[in-house]
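S.K.: Sharing a structure, written as C-alpha cells. Questions coming.
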Amino acid sequence: MGKDDVKLLSMWASPFCMRVKVALAEKDVAYEEILESDLMGAKTELLIKSNPVHKQVPVLLHDDKPVVESTNILTYIDEVWPAKPLLPACAYGKSRARFWADYIDRKEFLDILMYLDGTLGEQDYFNGDTFGFVDILLIGLTSWFPAFEKYGGFKVEDEYPKLAAWITRSYARETVSESLTSPEKITNFVGMMRQMYGIE
Ligand SMILES: N[C@@H](CCC(=O)N[C@@H](CS)C(=O)NCC(=O)O)C(=O)O
C-alpha cells in the first residue's frame, strides 16, 4: 500500500480545525495543511466542492476523499489509523465519549464547563490516564479561553481549577502545543474583530 495522501482544509483560528490537527499529531500522521484565507467571503473552490452542504472547515482529504465535521473526522482518523486509540475500547466508554462529544458541540460554550469540570474530577484526562477523544474535542476550544477571560470576565482558574490544571497538563503534550494556535494570537484576533464591529 502506498503512503497516505492526507490534506487538511483549515483556518488558523478555528478550534474545530485544531481538534483535527491534534488528532493527526497524536496518530503521527503527516499531512499538508491548506489554509482558507477568507471564510467570511470568498471560499475556495476546493472547500465548496469538498463540503458542499456546510462549506465549512475542517475538511480532511484522505486520498482525495473528503471527510467533514470535526467529530466525525476524529472518529474516521481513529478507525483508519488504529494505533494509539482515541476512543476507549469498551462499548460503554465509547458511548460516554460520544455523549460528551455531542454535549460539547450543542451547548453554549461557557455552560458546558461546569459539567466537564465535574466529570473530569481527579482524573488526568477525560478517559482516565489516556489523552483521547473528549480531551481533543475540548482542547481545541480552550485556545479561545484567554480571549473569553479578557473580554468576557470569566476566569477558568478561579471557577474551574480542575479544568485549568487539565489545560496545563494537555498543553505540556507536544501534539497539543504544536498544533494549537497560540491563545495570544486568538486574543489579538478577537480584539481586532471587536474593533471592526465597534464593540468596545
Ligand atoms: N460543526 C463543525 C463546525 C465547523 C465550523 O464552524 N467551521 C467554521 C470555522 S470555525 C467555518 O468554516 N465557518 C465558515 C462558514 O460557516 O461559512 C465542525 O465540528 O467541524
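S.K.: With the dipole of region 46-97 worked out from charges on the C-beta (+1 for Lys and Arg, -1 for Asp and Glu) around the Cα centre, which of LEU60, CYS90, LEU46 lies farthest toward the positive end?
M.R.: CYS90
S.K.: Please give the peptides 23-32, 111-120 ranked by average Cβ packing (other Cβ atoms within 10 Å per residue), highest first, as a rough proxy for protection.
M.R.: So the peptides 23-32, 111-120, ranked by packing, come out 23-32, 111-120.
S.K.: How high is the FRET efficiency between LYS185 and GLU45 when r is their beta carbon distance and R₀ equals 22 Å, given to the nearest 0.05? Don't skip to the answer; put the middle values down first.
M.R.: Details: r = 28 Å, r/R0 = 1.26.
It comes out at approximately 0.20.
S.K.: Build a GNM of the chain with springs between Cα atoms under 10 Å: which of PHE16, PHE131, PHE154 gets the top mean-square fluctuation?
M.R.: PHE154
S.K.: If I compute solvent accessible area with a 1.4 Å probe over the protein chains, what percent of it on region 1-134 is carbon and sulfur?
M.R.: Numbers: 4010 of 7350 Å².
C and S atoms contribute 55 percent here.
S.K.: Let me ask something else about it. Residue separation times 0.36 nm, minus the C-alpha to C-alpha distance between PHE99 and LYS65: what's the value? Write out the running numbers ahead of the final one.
M.R.: Numbers: separation 34, 0.36 × 34 = 12.24 nm, distance 2.73 nm.
Result for the pair: 9.5 nm of gain on full extension.
S.K.: Under 25 Å from the Cα of LYS150, which lysines turn up, not counting those fewer than eight places away in the same chain?
M.R.: Counting by Cα, and skipping residues close in sequence, LYS150 has these lysines nearby: LYS107, LYS162, LYS185.
S.K.: What number comes out for accessible area per residue over region 6-80 if the probe is 1.4 Å? Units Å², please.
M.R.: Details: 3560 Å² over 75 residues.
Accessible area per residue, region 6-80: 47 Å².
S.K.: Only sites in a loop by DSSP and with at most 13 other Cβ atoms within 10 Å count here; which trypsin sites (Lys or Arg not before Pro) in region 75-111 make the cut?
M.R.: LYS107
S.K.: Could I ask something else about it? Provide the gained length on full extension for the span ASP28 to ASP5, in nm with one decimal, where the gain is 0.36 nm per separating residue minus the Cα-Cα distance.
M.R.: Numbers: separation 23, 0.36 × 23 = 8.28 nm, distance 1.36 nm.
Here the answer is 6.9 nm.
The values are calculated or read from the model by the stated rules, or taken from the named source; none is laboratory data. Note that the coordinates shown come from a computational prediction; the quantities given were computed from them, not determined experimentally. Note that we place each Cβ from the backbone using ideal geometry, even for glycine, and neighbour counts take in every protein chain shown. Side chains included, ligands, DNA and RNA excluded: accessible areas come from the protein's heavy atoms. Shrake-Rupley method; radii C 1.70, N 1.55, O 1.52, S 1.80 Å.
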